[in-house]
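The values are calculated or read from the model by the stated rules, or taken from the named source; none is laboratory data. The shown structure was predicted, so the numbers you read here are calculated from the model rather than taken from an experiment. Backbone-built Cβ (ideal geometry, glycine too); neighbour counts: all protein chains shown. Accessible surface is based on the protein model in full, side chains and every heavy atom, while ligands, DNA and RNA are left aside. Shrake-Rupley method; radii C 1.70, N 1.55, O 1.52, S 1.80 Å.
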Number of protein chains: 2
Amino acid sequence: MAQLQRIAIALDQLQQNQIWLTAQQQHYLSRVLRLQKGDRFIAMDGIGKWWLAQLEGKEAQILETLTVETELPISITLMVALPKNGFDEVVRCCTELGVACIAPVMSDRTLLNPSPQKLERWQRIASEAAEQSERSFVPTILEPVSFEAGLSSFATNHKYICEGRGNYPHLKKCLQQTGQTTILIATGPEGGWTEKEIDNAIQAGFQPVSLGRRILRAVTAPIVALSLISACEV
Amino acid sequence: MAQLQRIAIALDQLQQNQIWLTAQQQHYLSRVLRLQKGDRFIAMDGIGKWWLAQLEGKEAQILETLTVETELPISITLMVALPKNGFDEVVRCCTELGVACIAPVMSDRTLLNPSPQKLERWQRIASEAAEQSERSFVPTILEPVSFEAGLSSFATNHKYICEGRGNYPHLKKCLQQTGQTTILIATGPEGGWTEKEIDNAIQAGFQPVSLGRRILRAVTAPIVALSLISACEV
């Protein structure tokens, strides 16, 4: 089972066995995911096709077509404010539910300052959970960064931030718009996001969404969000 | 916050301030939930109206109309094969997600034989989680019974059993049929249901359903199922 990064591409980026990467994708692959020239990743068209690709700078070389049966057709990145407890369970459940990448962030109300050993631990949990749930690929767990850095790290037009209070549309409604091949979903810490964080997220192109009328814990919200998004494959 | 049992009624059961109970409802209230004459419960019409009612035998007296804002319009009973570990978390998350009743069952592959103290513990967790999530009502946790006994205990036409293997329709698809005011959903133990259990469930009117193409753990499946059902309120 491979631990490879995944990006969604548009079909017109594909020419023969080359993928022409957008500036955003180049930034994401080399700056956020820290891939080097020659490193491999997965390119997906969002409607079921996956390719093993090799980074060559502004383009990528397709090495082979992959057969996947247990992976989602969409690439989901979960940006999650580190909760005080229970993050192991978030990693485990969201891996089972098909997440592609987990990006822990430190928000204003985050209490935890994780040690570097934590990242290794989370990666091990993700790897075990991917195996147990019979996935073809292991999700990527990124190093924790500040919420502000997280806001500008990801290249997708479909960015949602979950907020328990306020009169926002339900995530399920927002998922009904078609053509979402990559989704970034952010969930908050105990006590929720600050008003300023929500404002900054909106500025960065995020749509605030609700997960229902009850207040969910910081560790429940990501699992609920992932359940709803992964059911989009149906 | 009240810890009252809930049943869904059809509007034609209502006459002035009386509810005429069906034989199934009488059985459920007095045999399964063990309510006595004079005990109170909640009657709901499944489209947002709730009444406080008092059991009088074959009928019930309406005492008052209730205002609810954080409760689901549907009454969900989760029938869950007791997992070896993590049941506390199932109770907590499913309470946050709006479950009305949790019915733990002992299946062929259930390893745990819970002590009577466990039930009190689960009820305390449900009560705390209902408060934290700002629900109006605390879910009922029933005493564990055998899977066979569980199969015949509940009065609803919408009964689903989740199964990780096999080519069953996705729960999300089944939820698209309208008019579901009460839902019974069953999730299995580590290792899944036995073939015989699935057959017996089908005989008892259950529809086997899938929760997606990945294999979920026994503690993840109920949370995913509840996430999908509770999103029906949207």
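Computed quantities for the displayed model
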{"quantity": "Residues being within 14 Å of chain B (Cβ to nearest Cβ) and modelled with pLDDT of 90 or more - total across region A:120-136", "calculated": "10"}
{"quantity": "Residue in region A:120-132 that is open to solvent by less than 80 Å² (accessible area, probe 1.4 Å) and either in a loop (DSSP other than H, G, I, E, B) or not assigned by TED's automatic domain parsing to the domain that holds residue A:183 (or both) present", "calculated": "no"}
{"quantity": "Total residues in region A:154-163, condition in a loop (DSSP other than H, G, I, E, B), open to solvent by less than 50 Å² (accessible area, probe 1.4 Å) and closer than 24 Å to residue A:210 by Cβ", "calculated": "4"}
{"quantity": "Hits in region A:209-226 (condition: β-branched (Val, Ile, Thr), under 15 Å from residue B:234 (Cα atoms) and facing chain B (nearest Cβ under 7 Å))", "calculated": "A:224"}
{"quantity": "Given (1) modelled with pLDDT of 90 or more; (2) in contact with a helix residue (DSSP H, G or I) (Cβ under 9 Å, 6 or more places away or on another chain), number of the condition residue A:17 does not satisfy", "calculated": "(2)"}
{"quantity": "Considering residues of region A:107-119 that are modelled with pLDDT of 90 or more and within 13 Å of residue A:87 (Cα to Cα) only, the residue surrounded by the fewest Cβ atoms within 10 Å (Cβ to Cβ)", "calculated": "A:119"}
{"quantity": "Every residue from region B:88-99 that is open to solvent by less than 10 Å² (accessible area, probe 1.4 Å) and either in a loop (DSSP other than H, G, I, E, B) or touching a residue at least 60 places away in the same chain (Cβ under 8 Å) (or both)", "calculated": "B:90, B:93, B:94, B:97, B:98, B:99"}
{"quantity": "Residue B:128 vs. criteria within 23 Å of residue A:192 (Cα to Cα) and within 14 Å of the chain's Cα centre (by Cα)", "calculated": "no"}
{"quantity": "Single unsatisfied condition, residue A:170 versus (1) within 13 Å of chain B (Cβ to nearest Cβ); (2) open to solvent by 40 Å² or more (accessible area, probe 1.4 Å); (3) more than 30 Å from residue A:2 (Cβ to Cβ)", "calculated": "(2)"}
{"quantity": "Only listed residue being open to solvent by 30 Å² or more (accessible area, probe 1.4 Å) and more than 11 Å from every other protein chain (Cβ to nearest Cβ), chosen from A:180, A:176, A:203", "calculated": "A:203"}
{"quantity": "One residue from B:229, B:198 being among the aliphatic types (A, V, I, L, M) and away from every other protein chain (no Cβ under 14 Å)", "calculated": "B:198"}
{"quantity": "Enumeration of residues in region B:138-153 that are touching a strand residue (DSSP E or B) at 6+ places or on another chain (Cβ under 8 Å) and open to solvent by less than 20 Å² (accessible area, probe 1.4 Å)", "calculated": "B:138, B:139, B:140, B:141, B:147, B:150"}
{"quantity": "Residue, surrounded by the most Cβ atoms within 10 Å (Cβ to Cβ), within region A:183-195, restricted to residues that are touching a residue at least 12 places away in the same chain (Cβ under 8 Å) and away from chain B (no Cβ under 14 Å)", "calculated": "A:186"}
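Each row is one residue, and each column tells you yes or no for (1) of a type in the set (Ser, Thr, Tyr); (2) in a strand (DSSP E or B); (3) surrounded by 11 or more Cβ atoms within 10 Å (Cβ to Cβ).
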residue: A:4; (1), (2), (3): no, no, yes
residue: A:7; (1), (2), (3): no, yes, yes
residue: A:12; (1), (2), (3): no, no, no
residue: A:19; (1), (2), (3): no, yes, yes
residue: A:26; (1), (2), (3): no, no, yes
residue: A:29; (1), (2), (3): no, no, yes
residue: A:36; (1), (2), (3): no, no, no
residue: A:41; (1), (2), (3): no, yes, yes
